[in-house]
Amino acid sequence: MIILQDKNILVTGASQGIGREIAITASKLGANVTVVGRNVEKLQETISLLTGNNHKMFAVDLAVTEDLDKLILQSSAFDGVVFNAGIVEYLPVKFLSESKINAVFSINFDSNVLLSQKLVKKKLLNKKASLVFISSISSKLGVGGTAMYAASKAALVSFSKVLATELAPQGIRSNSICPGIIKTAMTEQANDIASEEEVKKAESEYPLGYGEPADVAGLTMYLLSDISKWMTGSDLIIDGGFTLK
Ligand SMILES: NC(=O)c1ccc[n+]([C@@H]2O[C@H](COP(=O)([O-])OP(=O)(O)OC[C@H]3O[C@@H](n4cnc5c(N)ncnc54)[C@H](OP(=O)(O)O)[C@@H]3O)[C@@H](O)[C@H]2O)c1
């Protein structure tokens, strides 16, 4: 049985898309959920969709250290953290700039490193807590134009593995998930720069079609729950069979 009864779970990037679905599903399984993002209205909407009343929201920019500190200061200990906030940037390598590199890495990688470090240092992770990093299948591919996104997500997988080793003595687990394309606002952004024909062709390369936020949420629930208690340091692909070819 996957249950999260009375577990305190932090979900970053929960104002929409995959993060929102993770928050909703965790609340259905009994968790007290803390949702984080920048957009206050969208976070309030997420809160209104949660089952139960014991939930909190923090409107912070995770790429800003002072905001991270604010979040840490106002938090109590967590049994699970889902590091989901992220952005995508499509740019061929020859058009990259220092500011573009920093913009992607600061939220997709640095903020997750700093948040997890602060949670550890302030003893805000309960014994047997589960950390879940939402990476991407891009971390394992070489799709043109995705250099910074793919590299930031690959760095996240490596970071999660090292964290798994360092936190195992405290019984804390760390795993990452590498989803293929999931239908959210983020993928609509990609569709905006492609023709209708290209969009259809891209989806046809997924044996099971594109995924939905609920697909990632389901796997996340498994990792957050005690049913996966012997699992740490893994990176799990969930991609509707895309990488079978
Ligand atoms: N969709 C896909 O196909 C796909 C595939 C593989 C992996 N992923 C990964 O899954 C995660 C969620 O993707 P999604 O499709 O649900 O994206 P999305 O709909 O664009 O949502 C991204 C979330 O991240 C939050 N966020 C972004 N920058 C932030 C910042 N500086 N501070 C705080 N929150 C921030 C956004 O909240 P605010 O705007 O309120 O700040 C939003 O809630 C991302 O890490 C993405 O890379 C997505």
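Looking only at residues that are among the hydroxyl-bearing types (Ser, Thr, Tyr) and without any contact (Cβ under 8 Å) to a residue 40 or more places away in the chain in the stretch 9-45, which one is nearest to Ala185 (Cα to Cα)?
Of everything passing the filter in the stretch 9-45, Ser15 is nearest to Ala185 (Cα to Cα).
Scan the stretch 154-187 for residues that are assigned to a helix (DSSP H, G or I), more than 13 Å from the ligand (Cβ to nearest atom) and out of contact with any Leu (no Cβ under 9 Å at 6 or more places or on another chain) and jot them down.
Once the filter is applied, which keeps residues that are assigned to a helix (DSSP H, G or I), more than 13 Å from the ligand (Cβ to nearest atom) and out of contact with any Leu (no Cβ under 9 Å at 6 or more places or on another chain), the stretch 154-187 yields Ser158, Phe159, Lys161, Val162, Thr165, Glu166, Ala168, Pro169.
If we keep just the residues of the stretch 1-52 that are near the ligand (Cβ under 8 Å from one of its atoms) and under 21 Å from Leu125 (Cα atoms), which is surrounded by the most Cβ atoms within 10 Å (Cβ to Cβ)?
By that ranking, first place goes to Ala14.
Going by the conditions given, is Ile87 assigned to a loop (DSSP other than H, G, I, E, B), within 11 Å of the ligand (Cβ to nearest atom) and open to solvent by 50 Å² or more (accessible area, probe 1.4 Å)?
yes
Would you mind finding the one in Val81, Val104 that is over 21 Å from Ser234 (Cα atoms) and within 15 Å of the chain's Cα centre (by Cα)?
Exactly one residue qualifies, and that residue is Val104.
The values are calculated or read from the model by the stated rules, or taken from the named source; none is laboratory data. Predicted model, so just to flag it, every value in this text is computed and none were measured. A quick note on method: Cβ atoms are made from the backbone with ideal geometry, for glycine too, and the neighbour counts reach across all protein chains shown. For accessibility, only protein heavy atoms count, side chains too; no ligands or nucleic acids. Shrake-Rupley method; radii C 1.70, N 1.55, O 1.52, S 1.80 Å.
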